[in-house]
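Where a number appears in this text, it was derived from the coordinates with a stated rule and is not lab data. From a predicted model like this one, the values you see are computed outputs, not experimental measurements. FYI the Cβ positions are ideal-geometry reconstructions off the backbone, even for glycines, and counts take in every protein chain you see.
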Amino acid sequence: MQTGKRVESAFMATALPTTQNRALQLETALRGIIRGNDSVVRTALVAVFARGHLLIEGVPGVGKTTLAQALARALDCEFQRIQFTSDMLPSDVLGISMYSVADQKFEFKRGPVFCNILLADEINRTTPKTQSALLEAMSERQVTVDRGSYPLPDPFLVIATQNPVEHHGTYPLPESQMDRFLMRVSMGYPEAGSEREIFKWEAGAARLDDVRPVFSGAEVAAMQNEVTHVRVDDALVNYALEIVKRTRESEQLSLGVSPRGAQMLYRAAQALAFIHGRGFCTPDDFKQLIVPVFAHRVLVNARYSSTMKKSEQSEQVLREIVDGVPVPV
C-alpha cells in the first residue's frame, strides 16, 4: 500500500491541474443542461478527448440531441444534424459532384458530414447502404467521392443515436459499423428530482442558449494529442489484454473483442485519466470503461440467449469476465 502511494506521488508531477479545471468546467456546463445522466456526460467527454465516436441508445425525448448540441456549443465547434430515414442516400450525408456549366467541370458539393460534431440521429432508421457512408469518415476522417478524397475538419466527432433494435422499422448496425464507435451508452429517463427541474424549464433546451464556449476546436485537437502521452503501466496493458482474451474464449460469446476494440479501451482510459487531471492511468480507469467500450463489440452466443435485451446480455457477460480477472496492484 505504501509503495502504491509512493508511485502515485511520483506521477503527480505529470498531472494536469489547469486542464482538469477546464475539463471540469466543461463537464459542469453539460450537466447543467443534461440532468440525471451524469455518466453519459462523462462518457461523451471521454469520447471527445480520446478522438473517438459515441453511440447513444435510448427512447426519444431523453436529451440525446440536446447533449450533442450542448457539446458543440461548449466546444465552439461547427455542428450538423442528420435525421436518418429509410429513403436517405449516401450522397445526402457525404455530398455530391455536380457539373458546372460555367466552369465546364464537376464540382464537389460538400454534405453535412463536413463539420466538427455530427449528430447522426436515429442512425438505425436508414438502410445499410447509407449507414456505410460513414465508415470511411469515422475511421480515416476523410470522404472519397468520384476518386477524389476530401479531409474532414479536426476535431471530428460523430454522436449517433439509435432506438432499441426491438422497435419496428430499424436496420441493426453491422459489426463493422459498430466497431467504429469508441463507446456505446444507454441514455435512460432522468431521476425524479432532475425531471422536476426539466419540467419547470430549469434545464434542457430552455438553457441551451446559455452555454458558453469552454474550448475552441484548435484547443480540443491539441488536448487530444496530449491524451496520447498519458502513461499506461505494462501491468494495466496485461490486465486489459487478459480481459480481451477471455472474451474470445468465452462460450457465452460468439464474437470477442477485436484488436481495434483493445486499442480503443487503451485510448479511452488515457482520456479518462486526462479528464481527472492525471498523467497516468489507474486500474479503475480501465475497469469502468470496459462495458461501454466492449459491450457493442461482442455477440452473445445464441445458445445462451435469454429474455434480456441483447445489449444487456453482453454487458452481463462482460461484467462476469471482469470480475474473474485479478486487478493489478
Highest to lowest packing among 243-249, 85-91, scored as the average C-beta count within 10 Å: 243-249, 85-91
Describe numerically, in nm with one decimal, the distance between label points set 7 Å from Cα along Cα→Cβ at SER216 and at GLN316. 5.1
Compute the distance in nm between two label points, each set 7 Å from the Cα along the Cα-to-Cβ direction, one at SER91 and one at ASP209. 3.8
For n ≥ 4 DSSP H runs only, could you compute -39500 (n - 2.57) per run for the chain, divide by its residues and tell me the 222 nm figure to the nearest 500? -12500 deg cm²/dmol
Quick check: from the Cα gyration tensor, does the range 205-329 come out rounded (a/c under 1.5), prolate or oblate? oblate
Rounded, prolate or oblate: which fits the chain when a ≥ b ≥ c are the square roots of the eigenvalues of the alpha-carbon gyration tensor, with rounded for a/c under 1.5 and prolate only if a/b beats b/c? rounded
